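See structure below.
The values are calculated or read from the model by the stated rules, or taken from the named source; none is laboratory data. From a predicted model like this one, the values you see are computed outputs, not experimental measurements. Here the Cβ positions follow ideal geometry from the backbone for every residue, glycine too, while neighbour counts run over all protein chains shown.
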RNA sequence: GGCGGGUUGGCGGAGAGGUUACGCAGCGGAUUGCAAAUCCGUGAAGACCGGUUCGAUUCCGGUACCCGCCUCCA
């Protein structure tokens, strides 16, 4: 069996991955707050952990991996948008408008991430469905002295957890010294964070022992991961920006609430995304969503390919140039793969071992892509198509569909080849190439590559091959 | 101010203490009615300074620059 190695943020070293239970490998990844369209930065962890999910399924078996990614649907930005709509005259209660907003955002998210070739996680819990568990966990932390209620809030007592700050490499005292935030008067310690907070009249809220309120952000992930994966599980992932405070707080809560478990064994963090060398931000005007790119005609697999070109722990730069390079590679794979693979054999062919090995080495996706390119260079067509399917870039179904299209056009291609050959033979004698050039242009317009040499004429359907246009030439 | 990450050829981007990464682009050639595609060949690097070593782009230290987090942004 392949040994997977992963860089564990907890230890800052690359370690052999040893699952708690190989028959049920468990992974939790922090998902989006569903207040708006996912931007390109949101797509990075989705693709990175999708690759890890696929690798785990490959190594341990598809039925032996449980992948959970949550939706945070309790949030001020969601409330703000719902309130804006209500003021703009939308019908319904605020609660209904909030629900409407989260439903539509989740649908967008699914559509956009599907386009990137990301498999849906096994569970996609919504925070609002686990409020009971959050209240219970909060109460438990109060009972054991790790939390306290004050002014309608419940706060986690950071000093009660000795390892606080370990994941992110900070000491509580340093953090206080460098803090720039105003400290709420009801806090015992400036670093204490909210587990539960009161809701004002128009904000959504749930009844609790501390009055009507809503959960703090961090407790959501702790409650949902516990409910779905247990006290101890294998991998916890997310963006590097979440390492502090979100993940630090999750660890503190979960470790104190479930002292017999050890929460996540491996913590993985993906680095941030930049655009043309700068941080993506609305003020710089380089902010865009996944949907924006798709609407510009950049296919999802091209976005995915670009994301995989950079290792997940390096900052990655999105550039238009990379998208062009990725699109060109993928076209080569599709055209040549569909032409030369054997659909029956490919279905039974495993992804290339070199590619699996590259991914097993701390998700070295760029090396994996290099190995894919080598498959093409060595004409290993069945492995090429099977591997691209495995990587989520081009499905075998797409190769098959393309092949079917080519087969359907084969006789037409043959006929056009004969026509072009005879026109060319005549033109060679008469030195009048106008008829040849006319047909050539028409063929190129139909996406057919025209190769003419001493040996003769060859017509090869290219990436933009359009069988309808070709048939129209008759 | 505190913590962390990075700096490789024109561009992207790896591995390895000593042997060509690779891809794209470039250049030269073959081929071609034109073109496209293909094939062959080829130049080009390791931010800076020091240390360890027979030998460092690869290990260690420092400097510069860049980036992120410290604000419920992945």
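Note on region A:246-317: enclosed helices (runs of 4 or more DSSP H) holding 3 or more residues that are closer than 30 Å to residue A:158 by Cβ are A:248-257. If you go through region A:184-209 and pick out every residue that is within 12 Å of RNA strand B (Cβ to nearest atom), under 9 Å from residue A:155 (Cβ atoms) and in contact (Cβ under 8 Å) with a residue 40 or more places away in the chain, you end up with 4. Within region A:211-223, the set of residues being more than 15 Å from residue A:73 (Cβ to Cβ) and either within 14 Å of RNA strand B (Cβ to nearest atom) or not assigned by TED's automatic domain parsing to the domain that holds residue A:72 (or both) comprises A:213, A:218, A:222.
I'd like to check something: does region A:90-109 contain any residue that is more than 15 Å from RNA strand B (Cβ to nearest atom), at pLDDT 90 or above and closer than 30 Å to residue A:8 by Cβ? No, region A:90-109 has no match at all. In region A:210-218, the condition of being assigned to a strand (DSSP E or B), at pLDDT below 90 and buried (at least 18 other Cβ atoms within 10 Å of the Cβ) is met by no residue.
When A:418, A:449 are checked against the criterion of being outside the structural domain of residue A:298 (by TED's automatic domain parsing), in a helix (DSSP H, G or I) and touching a strand residue (DSSP E or B) at 6+ places or on another chain (Cβ under 9 Å), a single residue qualifies: A:418. Residues in region A:372-420 that are within 16 Å of RNA strand B (Cβ to nearest atom) and free of Cβ contacts under 8 Å to residues at least 12 places away in the same chain were compared, and the one that is farthest from the chain's Cα centre (by Cα) is A:418.
Working only within region A:63-81, note down all residues that are in a helix (DSSP H, G or I) and touching a helix residue (DSSP H, G or I) at 6+ places or on another chain (Cβ under 9 Å). Scanning region A:63-81 gives A:63, A:64, A:78, A:79, A:81.
Would region A:39-62 turn up any residue that is in the same structural domain as residue A:232 (by TED's automatic domain parsing), part of a strand (DSSP E or B) and either buried (at least 19 other Cβ atoms within 10 Å of the Cβ) or near RNA strand B (Cβ under 10 Å from one of its atoms) (or both)? Within region A:39-62, one or more residues are in the same structural domain as residue A:232 (by TED's automatic domain parsing), part of a strand (DSSP E or B) and either buried (at least 19 other Cβ atoms within 10 Å of the Cβ) or near RNA strand B (Cβ under 10 Å from one of its atoms) (or both).
This table checks each residue for (1) within 25 Å of residue A:293 (Cβ to Cβ); (2) surrounded by 20 or more Cβ atoms within 10 Å (Cβ to Cβ); (3) within 11 Å of RNA strand B (Cβ to nearest atom); (4) free of Cβ contacts under 8 Å to residues at least 40 places away in the same chain.
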site	(1), (2), (3), (4)
A:319	yes, no, yes, no
A:325	yes, no, yes, yes
A:328	yes, no, yes, yes
A:337	yes, yes, no, no
A:340	no, no, no, no
A:343	no, no, no, no
A:354	no, no, no, yes
A:359	yes, yes, no, no
A:370	yes, no, yes, yes
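Note on region A:257-282: residues that are within 16 Å of RNA strand B (Cβ to nearest atom) and either surrounded by fewer than 17 Cβ atoms within 10 Å (Cβ to Cβ) or more than 22 Å from residue A:247 (Cα to Cα) (or both) amount to 10.
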